[in-house]
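Participant: Below you'll find the structure I mean.
The values are calculated or read from the model by the stated rules, or taken from the named source; none is laboratory data. Just so you know, these numbers come straight off a predicted model, no measurement behind them. Cβ: placed from backbone, ideal geometry, glycine included. Neighbour counts: every protein chain shown. Keep in mind that these areas ignore ligands, DNA and RNA; they rest on the heavy atoms of the full protein, side chains included. Shrake-Rupley method; radii C 1.70, N 1.55, O 1.52, S 1.80 Å.
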Amino acid sequence: MTDIRQGGCLCGNARYEINLDGYKTSNCHCLDCRRHAGAPYVTFTIVPLEQFRWINKPQGEIKTSQTAVRRFCAICGTYLQWEGEDQSHLAEINTATIDDPSGLIPTYEIYTKSRMDGVMPVSDAKQYREGEQL
Ligand SMILES: [Zn+2]
Ligand SMILES: [Zn+2]
């Protein structure tokens, strides 16, 4: 059964639609995600690019490394999407911005080498010290 959901930023300016067929959900503990979100880690939900569309695309983008652009709302600052240059066939969306994120449980975690103290691994989730090649 097709599971299509919508999401967006805090102020409501950025909006999107995502089709969750075959999705993967993971936690990223990398320093850049942590700092951008202002949170201990970011939970991403990943689908093929053609299963994602912006209803209203946010203006904010920042390139903090050679490999990726991070997209965010330029008004309220919400971190919405990670766009990897070698993963341009995928849409990687900040799960916490989906209106109804129920059931999207991380099955793996990446950059666990920089997991913050006090943050426990998700039980049964695969653990990768660095990135996982998708
Ligand atoms: Zn916003
Ligand atoms: Zn990250």
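Participant: Of all residues in the stretch 3-32, how many are in contact (Cβ under 8 Å) with a residue 60 or more places away in the chain and within 16 Å of ligand 2 (Cβ to nearest atom)?
Facilitator: So the answer is 8.
Participant: Restricting attention to the stretch 43-62, and to residues there that are assigned to a strand (DSSP E or B) and farther than 18 Å from ASP100 by Cβ, which single residue is least open to solvent (accessible area, probe 1.4 Å)? Please lay out each step first, then the result.
Facilitator: Filtering the stretch 43-62 for residues assigned to a strand (DSSP E or B) gives 43-48, 52-56, 60-62.
Of the ones still in play, those that are also farther than 18 Å from ASP100 by Cβ are 48, 54, 56, 60-62.
Working: PRO48: 40, TRP54: 52, ASN56: 68, GLY60: 5, GLU61: 107, ILE62: 75 Å².
Taking the candidates together, the pick is GLY60.
Participant: Any residue at all in the stretch 86-108 that is within 15 Å of ligand 2 (Cβ to nearest atom), touching a helix residue (DSSP H, G or I) at 6+ places or on another chain (Cβ under 7 Å), aliphatic (A, V, I, L, M) and open to solvent by 10 Å² or more (accessible area, probe 1.4 Å)?
Facilitator: Among the residues of the stretch 86-108, at least one is within 15 Å of ligand 2 (Cβ to nearest atom), touching a helix residue (DSSP H, G or I) at 6+ places or on another chain (Cβ under 7 Å), aliphatic (A, V, I, L, M) and open to solvent by 10 Å² or more (accessible area, probe 1.4 Å), which makes the answer yes.
Participant: Also, quick follow-up: Just give me the residues in the stretch 18-38 being more than 16 Å from ligand 1 (Cβ to nearest atom) and open to solvent by less than 50 Å² (accessible area, probe 1.4 Å), in sequence order.
Facilitator: Within the stretch 18-38, the subset more than 16 Å from ligand 1 (Cβ to nearest atom) is 18-35.
Listed by number, the residues that qualify are ILE18, ASN19, LEU20, THR25, SER26, ASN27, CYS28, HIS29, CYS30, CYS33.
Participant: Just name the residue that is nearest to ILE18 (Cα to Cα) out of those in the stretch 63-77 that are away from ligand 2 (no atom under 13 Å from the Cβ) and open to solvent by 30 Å² or more (accessible area, probe 1.4 Å). Walk me through how you get there before you give the answer.
Facilitator: Step one: of the stretch 63-77, the residues away from ligand 2 (no atom under 13 Å from the Cβ) are 63, 66, 71-77.
From the residues that got through so far, the ones that are open to solvent by 30 Å² or more (accessible area, probe 1.4 Å) too are 63, 66, 72, 74-77.
On the way: LYS63: 24, GLN66: 27, PHE72: 17, ALA74: 21, ILE75: 22, CYS76: 21, GLY77: 20 Å.
Result: PHE72.
Participant: May I ask you to verify whether ARG5 is touching a Gly at 6+ places or on another chain (Cβ under 9 Å), at pLDDT 95 or above and either of a type outside the set (Ser, Thr, Tyr) or open to solvent by 20 Å² or more (accessible area, probe 1.4 Å) (or both)?
Facilitator: On the way: touching a Gly at 6+ places or on another chain (Cβ under 9 Å): no; at pLDDT 95 or above: yes; either of a type outside the set (Ser, Thr, Tyr) or open to solvent by 20 Å² or more (accessible area, probe 1.4 Å) (or both): yes.
Answer is no for this residue.
Participant: Which of the residues belonging to the stretch 109-134 are open to solvent by 90 Å² or more (accessible area, probe 1.4 Å) and out of contact with any strand residue (DSSP E or B) (no Cβ under 8 Å at 6 or more places or on another chain)?
Facilitator: Answer for the stretch 109-134, where residues must be open to solvent by 90 Å² or more (accessible area, probe 1.4 Å) and out of contact with any strand residue (DSSP E or B) (no Cβ under 8 Å at 6 or more places or on another chain): LYS113, ASP117, MET120, SER123, ASP124, ARG129, GLN133.
Participant: Report yes if ARG34 is within 13 Å of TYR79 (Cβ to Cβ), within 15 Å of the chain's Cα centre (by Cα) and at pLDDT 95 or above, otherwise no. Lay out the reasoning, then the answer.
Facilitator: Numbers: within 13 Å of TYR79 (Cβ to Cβ): yes; within 15 Å of the chain's Cα centre (by Cα): yes; at pLDDT 95 or above: yes.
It is true that ARG34 is within 13 Å of TYR79 (Cβ to Cβ), within 15 Å of the chain's Cα centre (by Cα) and at pLDDT 95 or above.
Participant: Looking at the stretch 64-134, what strands (runs of 3 or more DSSP E) fall wholly within it and have at least 2 residues that are over 14 Å from the mean Cα position of the chain (by Cα)?
Facilitator: On the way: elements: 68-72, 79-84, 90-94, 108-110.
Once the strands (runs of 3 or more DSSP E) in the stretch 64-134 are filtered for at least 2 residues that are over 14 Å from the mean Cα position of the chain (by Cα), nothing remains.
Participant: Another question, then. I need every pair where a residue in the stretch 110-134 that is at positive phi has its Cβ under 8 Å from the Cβ of a residue that is assigned to a strand (DSSP E or B) and hydrophobic (A, V, I, L, M, F, W, C), sequence separation at least 6 or different chains.
Facilitator: From residues that are at positive phi, the pairs are TYR111/CYS28.
Participant: Go through (1) more than 21 Å from SER102 (Cα to Cα); (2) touching a strand residue (DSSP E or B) at 6+ places or on another chain (Cβ under 8 Å); (3) not in a strand (DSSP E or B) and name the single condition GLY22 misses.
Facilitator: Failing condition for GLY22: (1).
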